[in-house]
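Structure record follows, encoded as structure tokens.
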Amino acid sequence: MKRGIQGLIFEIRCKKCNKKLGGNLDGKVEIVCPRCGHYNAFNIKVKSVV
């Protein structure tokens, strides 16, 4: 995950092969990697910065 200049920017990457799976996601995310087939589960809570 990276922090950008314009605020919080999240990159979701596969835990096995490190392929980028998505970005700017919020909540519980379950993704199967199209490259290696690894099941990835993330629980992301993003707080808005005002």
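The values are calculated or read from the model by the stated rules, or taken from the named source; none is laboratory data. Bear in mind that the values here come from a model prediction, so they are computed numbers and not experimental data. Note: ideal-geometry Cβ built from the backbone for every residue, glycine included; neighbour counts use all protein chains shown.
Summary table below
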item	result
Every pair of residues 6+ apart whose Cβ atoms lie under 8 Å, when the first sits in region 20-36 and is within 11 Å of Phe10 (Cα to Cα) and free of Cβ contacts under 8 Å to residues at least 12 places away in the same chain while the second is surrounded by 12 or more Cβ atoms within 10 Å (Cβ to Cβ) and basic (Lys, Arg)	Lys20/Arg13
Lone qualifier among Lys2, Lys28, Lys47 - being modelled with pLDDT of 75 or more and either exposed (fewer than 12 other Cβ atoms within 10 Å of the Cβ) or not aliphatic (A, V, I, L, M) (or both)	Lys28
Residue selected from region 5-25 under the condition touching a strand residue (DSSP E or B) at 6+ places or on another chain (Cβ under 8 Å) and among the small types (Gly, Ala, Ser), by the criterion modelled with the lowest pLDDT	Gly23
